[in-house]
Amino acid sequence: MERTRIGADWTAQLLYSLRVRLRVMRRNAAGFWLELRRRPLALLGGLVVLAYVLAAIFAPQITVHGPAQGNLRMRLLPPAWAEGGNPDYPLGTDEQGRDLLTRIIYGARVSLIVGLLAVGISVGVGLTLGAFAGYYRGPLDQLLSRFADLLLAFPFLIFAIGVMAFLGPGFTNLIMALTFKEWVEFFRLVRGEMLAEKTKEYVEAAKVVGQSNRAIIGSEILPNIVQSVLVMGTLRMGTMIIMEASLSFLGLGIQPPTPAWGSMIASGRDYMLSAWWTSTLPGVALLILVLSINLLGEGLRDILDPRLKVE
Amino acid sequence: MRGLKILERILITIPIMLGVAIVVFLFMRLSPGDPVDIMMGQGGTVSAGEMEQLRKEFNLDKPLHTQLWLFLRDAVRGDFGYSYTQKRPVGELVGDRLPATIELAAGAMLFALLVAVPIGIISAVRQHSMLDQASMAGAFVGISMPAFWLGIILILLFSVRLDLLPVQGRLSYDVQLDQVTGFFVLDSLLAGNWRALGDSIKHLVLPSISLGAAPAAIIARVLRSSMVEALRQDYVTLGRAKGQVEFLVVMKHALRNALIPTVTVIGLQVGVLLGGNMIVETVFGWPGLGRLVVRAIFVRDFPLVQGAVMVYAFTFAMANLVVDVLYTYLNPKITL
């Protein structure tokens, strides 16, 4: 009805459709917010993740010491609350007299960036390939699916360790080692969804109206899949962060002196008997972050994509 | 019929393993650094002629596709070449370390199942109870925790603070044990060596918990949700209506059906055990395959890394094969 009132003026039509989309989005967002508020744990998870992100961004502003600034006279100081602690170093110092809290905050940068990049690139690759493979099928789909099966034959960490052995340690190599296998997760998810969506009526309708295949994939089907990808992406981020920490722990990931939680735990291990805080506290930071990401991810899954609930 | 299906499933594994071998080979061979240079790295001065000789000996002078063919041919025979740094056949080195790794993985899986199965069942039967909520919260922490950190916490608590369990290795220095199979628990049982048995089990406890915690958490969560699902089904109601004891209803009707999704997840956990194994062995100084590989990576001992990664991938493939076969027994409706 309203459409006819607007008439043939295409700018008005575009504006109108944008306005409708915006209204739907706003309603969805309001509904989403309501749902999220009913899940206090997911909300808490989201807030903690936000706090980590802010701390990572503003690390230089909120820390007093430098992450690499050591003071050998202050080495292995216990946390401030313990006997012999110094209030200038709230969580104590490491074997080089560097402030542990500062290094933990800077370590969040590494974990978050690696997690975001590894998942982000994997989503980009997996979504594109999965969408086209699932929509067009054919030999390309066959090839990609067999390659995905092949990558699945490797346990994740073994594969990542193998690739790091080949590439050598470092930030870019680490991202490559993780994404080289991680994209398969999203490829399989999107391809499967694509196969299911393709047969539905709205796709038929779009074809009848004469929409191009590309338009059908991009503006008809993908918006229906994107929620599952978002949920999976959130949940996989926790895994990627643990993988990064594991590789850095083995000395194959982020190299010192860049503060990464995994390598901090590894170097703190040598002082385990005399200075428990150097190896345990970075792990606490890691645990809280991954826990919060998972809480948020499971909350998102319950709201956006209840079907995924069976693991 | 079933035998045929299983055979077919085994045949599918072959091209996958072949692909794995090719991927591993290409990665290792294309990596920077000349193997002979690496081999001679610590060896002092070697003449160019001798280098050429070595290159020939390891077939490194042949074109890549010939090298690949030779690698595959030897790999099928279980021959993964010579370790650059230890000057011993890779097969032998891996074989020496394998029992320790399997023992640890078995310990971890045992721990995971012992914890997860009762918790999964009870949590489902007493859904929303305190116990259910507490164990699911615990499981949630379990999946969010890296194994190496848990290992360190356990060492600090049980070895340093409470002095109950050993920190490192498989056996105390003052305990004697003749090695037959390489599985210390088995060896000491066979020899009737109770002191070694107790000691090796003590050494096994903390690494097994560190490695098994994440699988335990995942298995408990899946088992619980499939049990909840199964308990809602008609056949359970029927069982109860027949007046069957609740215990039997749960164990016979519900559990058997809930096991189907759980078994798949257990199979996937084998992959987690294999990967986590490198980490946990490093934390606990466990003389297994994982530590061998990690060290081999740092000295760029490619044949050793190659062989070990192949063994890991092969084990993982076998585990998934076993799971698929188990599947048909649990659920006759499913054909492979």
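The values are calculated or read from the model by the stated rules, or taken from the named source; none is laboratory data. Predicted, not measured: the structure shown is a model, and the values here were computed from it. All Cβ positions, even for glycine, are placed from backbone atoms using ideal geometry, and neighbour counts span all protein chains on display.
Observations on the model:
- Scanning segment A:144-174 for residues that are aromatic (Phe, Trp, Tyr), part of a helix (DSSP H, G or I) and either over 14 Å from A:Glu185 (Cβ atoms) or facing another protein chain (nearest Cβ under 7 Å) (or both) gives A:Phe156, A:Phe166, A:Phe171.
- B:Leu18 vs. criteria modelled with pLDDT of 80 or more and surrounded by 11 or more Cβ atoms within 10 Å (Cβ to Cβ): yes
- Selection within segment B:292-301 - surrounded by fewer than 24 Cβ atoms within 10 Å (Cβ to Cβ), in contact (Cβ under 8 Å) with a residue 24 or more places away in the chain and within 10 Å of chain A (Cβ to nearest Cβ): B:Arg300
- Scanning segment A:276-285 for residues that are at the interface with chain B (Cβ under 10 Å from one of its Cβ atoms) and closer than 19 Å to B:Gly142 by Cα, we see that the one that is surrounded by the most Cβ atoms within 10 Å (Cβ to Cβ) is A:Pro282.
- Matching residues in segment B:102-159 - criterion: being among the hydroxyl-bearing types (Ser, Thr, Tyr), within 14 Å of chain A (Cβ to nearest Cβ) and touching a helix residue (DSSP H, G or I) at 6+ places or on another chain (Cβ under 6 Å): B:Ser144
- The listed residues are B:Gly78, B:Gly33, and the only one of them that is modelled with pLDDT of 75 or more, not in a helix (DSSP H, G or I) and not aromatic (Phe, Trp, Tyr) turns out to be B:Gly78.
- Count of segment B:282-291 residues which are more than 8 Å from chain A (Cβ to nearest Cβ) and either part of a loop (DSSP other than H, G, I, E, B) or more than 19 Å from A:Phe154 (Cα to Cα) (or both): 5
Every residue, every condition in (1) out of contact with any helix residue (DSSP H, G or I) (no Cβ under 8 Å at 6 or more places or on another chain); (2) assigned to a helix (DSSP H, G or I), yes or no:
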{"position": "A:Met194", "(1), (2)": "no, yes"}
{"position": "A:Tyr202", "(1), (2)": "no, yes"}
{"position": "A:Gly218", "(1), (2)": "yes, yes"}
{"position": "A:Ser248", "(1), (2)": "no, yes"}
{"position": "A:Leu252", "(1), (2)": "no, no"}
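- Some residue of segment B:312-333 being among the basic types (Lys, Arg) and in a helix (DSSP H, G or I): no
- Evaluation of A:Val231 against the conditions (1) closer than 18 Å to A:Ala108 by Cα; (2) more than 10 Å from chain B (Cβ to nearest Cβ) shows that the sole unmet condition is (1).
- Residue within segment B:256-264 that is at the interface with chain A (Cβ under 9 Å from one of its Cβ atoms) and either free of Cβ contacts under 8 Å to residues at least 60 places away in the same chain or crowded, with 24+ Cβ neighbours inside 10 Å (or both) present: yes
- Taking the listed residues B:Ile201, B:Ile209, the one that is modelled with pLDDT of 80 or more, within 26 Å of B:Val270 (Cα to Cα), among the β-branched types (Val, Ile, Thr) and crowded, with 18+ Cβ neighbours inside 10 Å is B:Ile209, with no other qualifying.
- Residues within segment B:154-168 that are buried (at least 17 other Cβ atoms within 10 Å of the Cβ) and either of a type in the set (Lys, Arg) or without any contact (Cβ under 8 Å) to a residue 24 or more places away in the chain (or both), tallied: 1
- Filtering segment A:263-275 to residues that are more than 10 Å from every other protein chain (Cβ to nearest Cβ), farther than 19 Å from A:Ala56 by Cβ and not in a loop (DSSP other than H, G, I, E, B) leaves A:Ser267, A:Asp270, A:Tyr271.
- Residue list for segment A:245-262, filter: facing chain B (nearest Cβ under 9 Å) and among the aliphatic types (A, V, I, L, M): A:Ala245, A:Leu250, A:Leu252
- Flag for A:Ala165 being among the hydrophobic types (A, V, I, L, M, F, W, C) and under 27 Å from A:Val226 (Cα atoms): no
- Just so you know, in segment B:303-315 the residues that are out of contact with any Phe, Trp or Tyr (no Cβ under 7 Å at 6 or more places or on another chain), within 10 Å of chain A (Cβ to nearest Cβ) and surrounded by 24 or more Cβ atoms within 10 Å (Cβ to Cβ) include one that is farthest from B:Asp37 (Cα to Cα), and it is B:Tyr312.
- Residue within segment A:124-133 that is of a type in the set (S, T, N, Q), modelled with pLDDT of 90 or more and closer than 16 Å to A:Arg236 by Cα present: no
- Condition met for B:Glu229 (without any contact (Cβ under 8 Å) to a residue 60 or more places away in the chain and within 14 Å of chain A (Cβ to nearest Cβ)): yes
- Selection from segment B:65-98 of residues that are surrounded by fewer than 17 Cβ atoms within 10 Å (Cβ to Cβ), out of contact with any helix residue (DSSP H, G or I) (no Cβ under 7 Å at 6 or more places or on another chain) and not acidic (Asp, Glu): B:His65, B:Thr66, B:Trp69, B:Leu70, B:Arg73, B:Val76, B:Arg77, B:Lys87, B:Arg88, B:Gly95
- Scan of segment B:167-183 for residues that are closer than 27 Å to A:Arg269 by Cα and away from chain A (no Cβ under 14 Å), ordered by number: B:Gly169, B:Arg170, B:Leu171, B:Ser172, B:Tyr173, B:Asp174, B:Val175
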